[in-house]
Amino acid sequence: MSHALSLRDVSLSLSGNAGPVDILHDITLDVAAGETLGLVGPSGSGKSSLLMLMGGLDTATTGSISVLSTDITALGEDALARFRQGNMGVVFQSFHLIPTMTALENVATPLELAGARDAFPRAEAELERVGLGARCDHYPSQLSGGEQQRVALARASVTRPKLLLADEPTGNLDETTGAAIIELLFDLRDHHGATLVMVTHSHDLAARCDRVVRLRDGRIEA
């Protein structure tokens with residue numbers, strides 16, 4: 001079985017006013033290619049921190065993280081950015097859209113950074129796929145929360161990433177809108193054949209995953 005993610009003895013400590021604060025302790029975890037994994041646990045258990053390490057958006061204090069057979073802990077900042085650009089898509093709870101860019105420009109940005117000549121046609125097609133073909137020229141401030149998250153989903157998936165990471169993707173949405181976003185997320189996963197790792201507090205959402213890993217106090221519970 002091929003692994004999309006392999007973590008070995010990963011720990012994370014951050015500096016605090018009273019000294020180092022241990023966030024994660026000796027995490028060892030494999031995620032199979034094409035698997036959907038749910039990360040659950042109480043607030044402060046380290047779920048989002050673990051997801052950020054998987055995406056190379058934070059740096060482990062100790063241990064190694066292999067993504068698609070590449071040890072990202074051995075990559076420099078520029079090499080890591082290039083690797084992430086071509087292989088990963090990340091969806092955050094708070095959307096993180098660029099306010100001065102239209103929906104189309106937001107979705108096209110990762111393609112432009114990758115040097116794609118057809119960035120805007122591909123971005124438009126991805127917005128069509130998430131039901132926002134008529135909103136291409138709208139700015140984030142002109143979109144509802146659900147629409148902004150659809151744009152964020154389109155931006156995360158437009159590069160056809162092999163790994164999709166989602167941090168509480170429905171956390172800022174009402175129940176009905178959140179359910180629609182989840183359907184889109186799983187549809188995009190199926191459409192692109194990506195591995196999906198998702199942090200969630202939702203029992204219903206966790207139940208849809210192939211496997212669930214529970215964290216408590218920075219450790220994986222048996």
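In the range 94-108, the residues that are in contact (Cβ under 8 Å) with a residue 40 or more places away in the chain form Cβ pairs under 6 Å with partners that are open to solvent by 30 Å² or more (accessible area, probe 1.4 Å) and in a loop (DSSP other than H, G, I, E, B), at six or more places apart or across chains, as follows: A103/H138; N106/I98. In the set (1) in contact (Cβ under 8 Å) with a residue 12 or more places away in the chain; (2) over 18 Å from N87 (Cα atoms); (3) in a helix (DSSP H, G or I), the condition left unmet by A125 is number (1). Would you say L173 is buried (at least 23 other Cβ atoms within 10 Å of the Cβ) and farther than 18 Å from P42 by Cα? No, not satisfied.
Here's the yes/no breakdown for (1) crowded, with 16+ Cβ neighbours inside 10 Å; (2) free of Cβ contacts under 8 Å to residues at least 24 places away in the same chain; (3) not aromatic (F, W, Y):
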residue: S6; (1), (2), (3): yes, no, yes
residue: D9; (1), (2), (3): no, no, yes
residue: G16; (1), (2), (3): no, yes, yes
residue: A32; (1), (2), (3): no, no, yes
residue: T36; (1), (2), (3): yes, no, yes
residue: P42; (1), (2), (3): no, no, yes
residue: A60; (1), (2), (3): yes, no, yes
residue: F92; (1), (2), (3): yes, no, no
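The values are calculated or read from the model by the stated rules, or taken from the named source; none is laboratory data. Computed from a prediction, not measured in an experiment: that's the story for all the values here. Ideal geometry is used to build each Cβ from the backbone, glycine not excepted, and the neighbour counts take in all protein chains shown. The accessibility values were calculated without ligands, DNA or RNA, using every heavy atom of the protein model including side chains. Shrake-Rupley method; radii C 1.70, N 1.55, O 1.52, S 1.80 Å.
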